[in-house]
Amino acid sequence: MSLSKQHEIHQRRRGRNIGLGLVLVAFIAIIFGLTVVKVSRGDFQMQPQGVSDGN
Amino acid sequence: MSDASFETRAHESEPQFGDYFALLKPRVMTLVVFTAFVGLLAAPVPLHPFVGFCAVLFIAVGGGASGALNMWYDADIDAKMRRTARRPIPAGKVTGEEALAIGLTLSAFSVIFLGLATNWLAAALLAFTIFFYVIIYTMWLKRLTPQNIVIGGAAGAFPPMIGWAAATGDISTASVLMFCLTFLWTPPHFWALALFVRMDYDNATVPMLTVTHGRRATRRHILAYTVLLAAFALGLGFTQVGGPIYLTVALVLNVLFVKGAVDIWRRDEAAAEADNYRAEKKFFKLSLLYLFAHFGAILVEAGLDRLGVWA
């Protein structure tokens, strides 16, 4: 079975593939946005050693 | 997916993106989104808007994942009932294995990302909600007890509590009472519907209170849950999420709701059939407004509080 670009399977699954593509793009955008927010708020900053334990 | 499936699946039954999306029960998801959003916004700790958006999205995805797992397990009984026969699995559009894979993947995804975006208490609550809905309700108690509506309602009641936990990192009286609001609202809402819509749960051997204990007992149950609901709904008004607007809305709606439940309780089947279940239908319509207005009032109170109107 050959799968050329014009194979009817592409047409049949077009909507599904576009939908899945949009979901993946949205997923990347969400992870990117969350990372920007977390980094800019300093959520990932390391605590300096010896400060919190009173030593 | 193997090449063989290209040939074996008939062209007309080729699953579309919408069929997979339908596995997530989008209509139920709207209630999840709305109540989670209210819980998140009513919390005293403000969350970054984008993190808040992500939190509501992950809660919705978690709710959708549990819907997909529910459809995977219940495919046999869904096929026997008119209301559910057109769902993607009984309709032959999506296989049970696909629904299981989507449900498990999205469950893990939503819990992990809610934990990373907000905190692990919110993630644990979401994980428990999925576990409760799929294992406790769907697999265990739904086919065993006529109180299945009560148990299923508990799973649907968690989102505002998760939204609250996402913002604050804790559980409070207010968030527990928001849980109680949806939890106690579900049985009278659904049983009123069961009184005037002839459901075919018998075909699927799912015990329904109207069938197992009769319609008289169902009317008594509606009244009992409604009175209990009114107490909790008014109690919520005296917590930090309440205020004059919420209390006014709650007072008016609970008086009407209890009156509606008393009307249902006082009627017998002959009277109900005589006017084509007028009181039951009126009560059901009011129940839709009831939940939306209560959470809407909490949202308005939160908005006014943020704007400093009550300060």
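Brief remarks on what is shown
- Considering only B:A231, B:A250, B:A65, the mean-square fluctuation computed in a Gaussian network model of chain B, springs between alpha carbons under 10 angstrom, is largest for B:A231.
- Over region B:16-169, relative contact order from alpha-carbon pairs under 8 Å, at least 6 apart, %: 36
- Once the convex hull of all Cα atoms in region B:172-311 is built, its volume per residue stands at 108 Å³.
- Note on B:202-211: average number of Cβ atoms from other chains within 10 Å of each residue's Cβ is 0.
- Distance between modelled label sites at B:V300 and A:R16, nm, 7 Å Cα→Cβ extension: 4.7
- Exposed-loop-free span, longest in chain B, where trypsin sites (Lys or Arg not before Pro) count as exposed if DSSP calls them loop and at most 13 other C-beta atoms lie within 10 Å: B:199-311
- Note on region B:87-149: Rg/Rh from Cα positions, Kirkwood definition for Rh, rounded to two decimals, is 1.08.
- From the Kirkwood radius over Cα pairs of region B:157-235, Stokes-Einstein at 25 °C and 0.890 mPa s returns a whole-number translational diffusion coefficient of 174 µm²/s.
- Here B:K93 is the anchor, and the lysines within straight C-alpha reach of less than 17 Å, apart from those fewer than 8 places off in the same chain, are B:K25, B:K80.
- B:F292 paired with B:Q240, simple spin-label distance in nm, labels 7 Å along Cα-to-beta-carbon: 3.0
- Taking all C-alpha pairs of chain B, those more than 34 Å from each other amount to 27 percent.
- Partner shielding of A:27-39 amounts to 3, given as the average count of beta-carbon atoms from other chains within 10 Å of each residue beta-carbon.
- Of the residues B:H294, B:H48, B:H221, the one that moves most in a GNM of chain B with alpha-carbon contacts below 10 Å is B:H48.
- Partner shielding of B:53-63 amounts to 1, given as the average count of beta-carbon atoms from other chains within 10 Å of each residue beta-carbon.
- Residues B:W140 and B:A224, FRET efficiency given R0 of 22 Å [Cβ-Cβ distance, rounded to 0.05]: 0.35
- With the simple model of a label 7 Å out from the Cα in the direction of the Cβ, B:K259 to B:E273 spans 2.9 nm.
- Binned Cα-Cα distance frequencies in the protein assembly as shown - 10 Å width, integer %: 5, 21, 27, 24, 15, 6, 2, 0, 0
- Over region B:16-169, the ratio between the Cα radius of gyration and 2.2 N^0.38 Å evaluates to 1.03.
Read the figures in this text as sums done on the coordinates, not as results from a lab. All values reported here derive from a predicted model rather than from experimental measurement. Methodologically, a virtual Cβ is constructed for each residue, glycine included, from the backbone with ideal geometry; neighbour enumeration extends over all protein chains shown.
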